[in-house]
Every structure is written in C-alpha cells, then in structure tokens.
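Please read the structure below before turning to the comments.
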Amino acid sequence: MIVNGKKIKALFFKDNTLKIIDQRKLPFKFEIYTAKTVDDVVYAIKEMIVRGAPAIGVAAAYGVVLGRHDLIESYKKLKSSRPTAFDLFYALDYMLDNIKRGEKPKDIAKKYLNDIVNRCKKIGENGEKLIQDGMKILTHCNAGALATVDYGTALAPIRLANRNGKKIFVFVDETRPRCQGQLTSWELKNEGINHCLIVDNAAGYYLKKGDIDLVITGADRIAKNHDFANKIGTYEKAVIAKENGIPFYVAAPLSTFDNNISSGDEIIIEERNEKELYNINGKNIMPLWIKIKNPAFDVTPKKYVTGFITENGIMKV
C-alpha cells in the first residue's frame, strides 16, 4: 500500500522482530508496533493491533518464528488468540506442516506472506473486471492492505480499478464499534480514491435510493456451503442489497474457505469486551450501567451472495 507517497506493507519481519502498523492508532497516528516474542504477537492479535483474517494469519506465521524454541506451546498460544478468522488456523497448520518437512520457520513465514500478497493482487485483478467506469461501491469494515498485508481483498479490485483510470466513488461504512471504516478511509485517501464515510445505518438509505451500484466485502471464514462470517453488520448489507437488486460480492483468498464446517451455523462468533462500546478513543460515550452485548461478527447465508472473488477467479453462487 501507499503511505505518504511510499510503499509499505502492513506487517514485515526485520531484525528478528515482527513490525506491525498499529491499527489502534490510525488514522490519527502512524506508529509501528514491534513484536519480539510469541506473547507479543498473541497480544497484537487479541488487542487488534493487527486485524483482518489474512493479516492475522501472517502475524501468526511469524509468531511461530519468534516462538520456535517451544513450537507446540507457541502453536497453542497463537491458536487461542482469536476464534473466528480461519486464516489464523490455516497459517499455523501451514507452518507446522512445513517445519516437519525440514524447512526453516523464517523461510516458511516469508513464503506464506508473499503468497498472501500475490493472492490478494490476483483477487484485485479478477474483481476489477466487475467495476465499470463511474460506479459507486459500498464496502463494510476494512478489507484493505491493513487487513491483508498488501492490496487487500475487498479493496484490491477498487485499488486496481482506480490505478487503471476508472472513475469510482466508494461509500465506506463506519463499522462500529471499532470504527474500521476510518482505516478504509485512510487507505483510500492515500491512494487518492474518491470516497465518503457513512454511519452503518445509512447504508440501507443509499442502497434503496440507487446511489450504490455494487457491494464488496471481505470475509473471515467461509463455510463449505458458502455461508460466510464477516464483521458485524455485513448480514444486514447483504439482505438490503438483495432486496434492492444490487450485486453483493465477497472478496477472499482460498485460505479463508473452511471446508471442515458444512454451514455458517458451525462458525464460532467472537463476543468481544463490552468496553469497546462504552468509549471511543478513551472517552466514555455512555454510562457504565448500560448493559451491552458485543458480537464481533455475523454470518451471511449464501443466498444473499452474488459471487466470491478469489485468486482463481470469480465463483458465482
């Protein structure tokens, strides 16, 4: 991705440490978090310093590198860091399988990172064909380079459409409670892509008005029957898009497809700390006596999906 005119990846390995753009600080501050141990990586994943299924997978791969002196314990710690994103488990098994074959952990992790970046680039190339000049696109949460190391999943087609000279406009859902829409806005600003941020509940208004031509989101886990989990609020967007005849696409690498579960009913939905809703940027926005439920994801049935944009092409549902 481009940051202040320079190319940078959302996370990278340097001087035997894992460097991660601290997503908690964006878009107000650009800071790098340094993970020196496997526990540092676990903390980064749990606290959402790094987030987005592919990026979590890459972080976990390098967590194995940092914790290689106690491989099994490191594997267990990393596996328990977040429950929903399938890339986390895919990456850990990938590391373990290749270590058993005698490959060096650092080399495996680097190969995994490069593979994810290449997959996302291909997702962009395949999805860009769906975007016509002048289109207005809605996206939810952040499925850009920050969530995937580089290019993004949902943002990859948008990036390449812009780079190919197509004039597009992006509606960015705020995506409470973590407000990841600000991260998407930050990425789009750096790429010079015309956009605006809207509160989550405004999406239906613009979809019904006909102001949106296409919806693209990412995914954290896709079941065998193509039900998928993504950031909370995705299900609503898919239902409203279907009701208004607007194509709804999911962009994700094949590493996000979990053929071990038959349907979305089997996907574990992470319940996060209620504190995320009580305050924004450290400031309380409601009294603590209010009872809160805070699911991080929801599941969208396949019947609401037009197709999946993958590195191998577009899968129609």
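Every number in this text was worked out from the coordinates using simple rules, so none of it is lab data. Computed from a predicted model, the values in this text were never measured in an experiment. Because the Cβ atoms are built from the backbone with ideal geometry, glycine has one as well, and the counts that use them run over all protein chains shown.
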If one builds a Gaussian network model of the chain from Cα atoms under 10 Å apart, the most fluctuating residue listed among 202, 61, 147 is 202
Highest GNM mean-square fluctuation among 240, 45, 216, for the chain with Cα springs under 10 Å, belongs to 240
Taking a crude spin-label model, label points 7 Å out from Cα along the C-beta direction, the residue 316 to residue 268 distance in nm is 3.7 nm
On each of the three principal axes the extent of the alpha-carbon atoms of the chain, given in whole Å and largest first, is 58, 50, 44
The rounded separation in angstrom of the Cα centers of segment 143-176 and segment 30-103 is 25 Å
FRET efficiency for residue 303 and residue 115 from the Cβ-Cβ distance with R0 = 30 Å, rounded to 0.05, comes out at 0.45
Over its alpha-carbon atoms, segment 2-120 yields an Rg and a Dmax in Å of 13.5, 44
Across all Cα atoms of segment 224-317, Rg and the largest Cα-Cα distance (Dmax), in Å, are 16.3, 50
Computed over all unlike Cα pairs, the Kirkwood hydrodynamic radius of segment 129-316 in Å stands at 16.9 Å
